[in-house]
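Reading through the structure tokens given below for one structure.
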Amino acid sequence: ADPALRPPVRHFLKDDDLSPAEQAQVLDLAEAMKKDRFGYRPFAGPQTVAVLFDKPSTRTRISFATGIGELGGLPLIIDAGSSQMGRGESIEDTARVLERQVGAIVWRTAGQERIEAMASVSSVPVVNALTDEFHPCQILADLQTVRERFGRTAGLTLAYFGDGANNMAHSYLLGGAVAGMHVRVAAPDGYHPDPAILRRAAEVAAETGGSVAVLSDAARAATGADVVATDTWVSMGQDGKEQRIADLAPFQVNAALMSLAAPGAVVLHCLPAYRDLEISAEVLDGPQSLVWDQAENRLHAQKALLHWLVSGAGAVTEPV
Ligand code: CP
Ligand code: NVA
């Protein structure tokens, strides 16, 4: 079909693809869906949603498969090695085939440019299920978790410790800024965020009343933080494990660091966690940790996002 004649389609490739008002709308819907888990069925009949993985996954795979089923759709999980894309069929040709049959495309891949290429030709929504640069679905779940505890996101301080150049750091910066949070990334030299993403997050924060900062001093970053977050020191596809562990050691989330955070501070980790590397077992398994709620909220947040995207942006519906 002539792209000019197609209805506008919305994708979710990075955190600021939702405006602040839209992000709030999706999070409101996620909260409603958590209370009425089987009450929303935007897919009329068993419409397929393709969920493609070029990297391993536990949570993302389970939550999308479960959520798509609960929305009345049919999840089709495809691992790279079992599709022709894994043998070199182009991203664009894959999108052209998929868009004629499925209601949405969810993809975990490496470079952000790959998912941008998929979205550039797809007439159905494309959702980023993690790239090297961003993990925006995870941040929606994290924001839902924060709202459950604090009743809001705006004005809270979120401090992230560790690899400041990875997908989680970038998505906290951007998604946290959209949510009006004060986001601090604490990381050593050589692990600081992509400057272009940091600039964009600062621009967004200026509109929402939030702020962004990069600090090389973990103690300063922790002081007064409401939300303390971390992620693995060695992301999928990264080399140099021993060097990374040595470099990032001063940024471990542990009881000493938590003692500097605000009273009532909570701890987030997208998981999988490596106990006593990026986070002490004591903190991960302790009373401030919300990591299991956070993992569950992947389900609710992604259902809300898919509902919002396939129903037409903004057309948030009542339960059926
Ligand atoms: N947090 C997260 O995305 O986990 P998986 O890699 O298991 O999907
Ligand atoms: N930064 C991690 C997140 C895993 C969910 C990675 O990319 O491996």
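Here, each number is a calculation from the coordinates, and none is a lab measurement. This is a predicted model, so every value here is computed, not measured. Cβ: placed from backbone, ideal geometry, glycine included. Neighbour counts: every protein chain shown.
Using a basic spin-label model with each label point 7 Å from the Cα along Cα→Cβ, how many nm lie between ASP285 and SER123? So the two model labels end up 5.4 nm from each other. In the chain, the longest principal axis of the Cα atoms and the axis of helix 195-208 are about 90 degrees apart. Under a 5 Å amide H cut-off, with hydrogens placed 1.01 Å from N, VAL267 pairs with VAL228, SER289, LEU290 among residues at least 5 apart or on other chains.
The ranking of TYR191, TYR172, TYR274 from fewest to most other beta carbons within 10 Å of each one's beta carbon is TYR274, TYR191, TYR172. Each of THR58, THR208 was scored by other Cβ atoms within 10 Å of its Cβ. Listed from fewest to most, they are THR58, THR208. For the modelled label position 7 Å from the Cα of GLU31 along Cα-to-Cβ, which residues of region 193-222 have backbone nitrogen atoms closer than 20 Å? Under 20 Å, as judged by backbone N against the label point of GLU31, lie 208-210 of region 193-222. Only the Cβ atoms of Lys and Arg (+1) and of Asp and Glu (-1) were treated as charged; on that basis the dipole of region 138-294 about its Cα centre amounts to roughly 380 debye. Sequence-ordered 3J(HN,Hα) estimates for region 100-109 from the Karplus curve with 6.51, -1.76 and 1.60 and θ = phi - 60° stand at 7, 10, 9, x, 6, 10, 10, 9, 9, 9 Hz, glycine and proline given as x.
Residues whose amide H falls under 5 Å from that of ASP79, counting only those 5 or more places apart or on a different chain, are PHE53, with hydrogens built in the peptide plane.
For a straight C-alpha distance cut-off of 20 angstrom, the lysines reachable from LYS35 (same-chain residues fewer than eight places away being disregarded) are LYS303. For region 138-294, the equivalent ellipsoid built from the Cα gyration tensor has semi-axes of 21, 19, 14 Å, listed from largest to smallest.
Evaluated over the Cα positions of region 129-175, the convex hull gives a direction-averaged projected area, one quarter of its surface, of 3.2 nm².
Could you work out which residue, out of ARG59, ARG96, ARG108, moves most in a Gaussian network model of the chain, that is, has the largest mean-square fluctuation with Cα springs under 10 Å? With Cα springs under 10 Å in the chain, the top fluctuation among ARG59, ARG96, ARG108 is at ARG96. Largest GNM mean-square fluctuation among ILE68, ILE115, ILE78, using the chain with Cα springs under 10 Å: ILE78.
Sort region 43-123 into rounded, prolate or oblate with this rule: let a ≥ b ≥ c be the square roots of the eigenvalues of the Cα gyration tensor; rounded if a/c is under 1.5, and if a/c is not under 1.5, prolate when a/b is larger than b/c, oblate otherwise. In terms of gyration-tensor shape, oblate. 3J(HN,Hα) along region 70-80: 5, 7, x, x, 10, x, 10, 8, 10, 8, 3 Hz, from the Karplus curve 6.51 cos²θ - 1.76 cosθ + 1.60 with θ = phi - 60°, whole Hz, x for Gly and Pro.
Under the rule a/c < 1.5 gives rounded, and otherwise a/b versus b/c splits prolate from oblate, where does the chain land using the Cα gyration tensor? It comes out prolate by the Cα gyration axes.
Maximal additional length on extending the ALA202-GLU89 stretch stands at 36.9 nm, based on 0.36 nm per residue less the C-alpha distance. If you take all other residues with their beta carbon under 10 Å from the beta carbon of LEU140, and give Lys and Arg +1 and Asp and Glu -1, the sum is -1.
Residues considered: SER123, SER63, SER90. Largest GNM mean-square fluctuation over the chain, using C-alpha springs under 10 Å, is found at SER90.
Between the helical axis of 291-310 and the longest alpha-carbon principal axis of the chain there is an angle of about 30 degrees.
Taking a Cβ cut-off of under 10 Å around LYS55, the surrounding Lys, Arg, Asp and Glu residues balance to a net charge of -2, with basic ones at +1 and acidic ones at -1.
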